[in-house]
Amino acid sequence: MFERPNWRTSSYTKSDSCVEVADNDPKSVMVRDTKRREGGTLTFSPSCWEEFVNFSKRCHV
């Protein structure tokens, strides 16, 4: 059974104006705004999230 989300921010984050990711559930990855944590979350399948991360790495300038 899934426990509570383990929220974390990127090690590149220098402030709290970023997003947090919880990826400790094998069935979903959740994303939320650090400035409005109560504002809701976006939920992605792990494969979709992996595609997004890989795309971001390729397109980073």
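Just so you know, all these numbers are worked out from the coordinates, no wet-lab data involved. Note that the structure is a prediction, hence the values are computed from the model and not measured. When we count neighbours, we look across all protein chains shown, and the Cβ atoms used for this are built from the backbone with ideal geometry, even at glycine.
Here are some notes:
- Residues in the stretch 35-48 carry Karplus couplings, in order, of 7, 9, 4, 7, x, x, 9, 9, 10, 10, 6, x, 5, 5 Hz; the curve used is 6.51 cos²θ - 1.76 cosθ + 1.60 with θ = phi - 60°, and Gly or Pro positions show x.
- Dipole axis of the chain (+1 Lys, Arg; -1 Asp, Glu on Cβ), positive-most option in Ser10, Ala22, Gly40: Ser10
- Here the chain is treated with +1 on each Lys and Arg Cβ and -1 on each Asp and Glu Cβ, and its dipole about the Cα centre works out to around 200 debye.
- Burial order of peptide ranges 44-54, 21-31 (average beta-carbon count within 10 Å, highest first): 21-31, 44-54
- The amide H of Asn24, built 1.01 Å from its N in the peptide plane, has Asn6 as neighbours under 5 Å, considering only residues 5 or more places off or on other chains.
- The modelled label-to-label distance for the pair Asn54/Arg4, using points 7 Å beyond Cα in the direction of Cβ, is 3.4 nm.
- One entry in [x] -0.43, -1.13, -1.22; [y] -0.39, -1.01, -1.14; [z] -0.49, -1.10, -1.15 is log10 I(q)/I(0) by the Debye sum over Cα atoms at q = 0.14, 0.24, 0.26 Å⁻¹ calculated from the shown coordinates; its label is [x].
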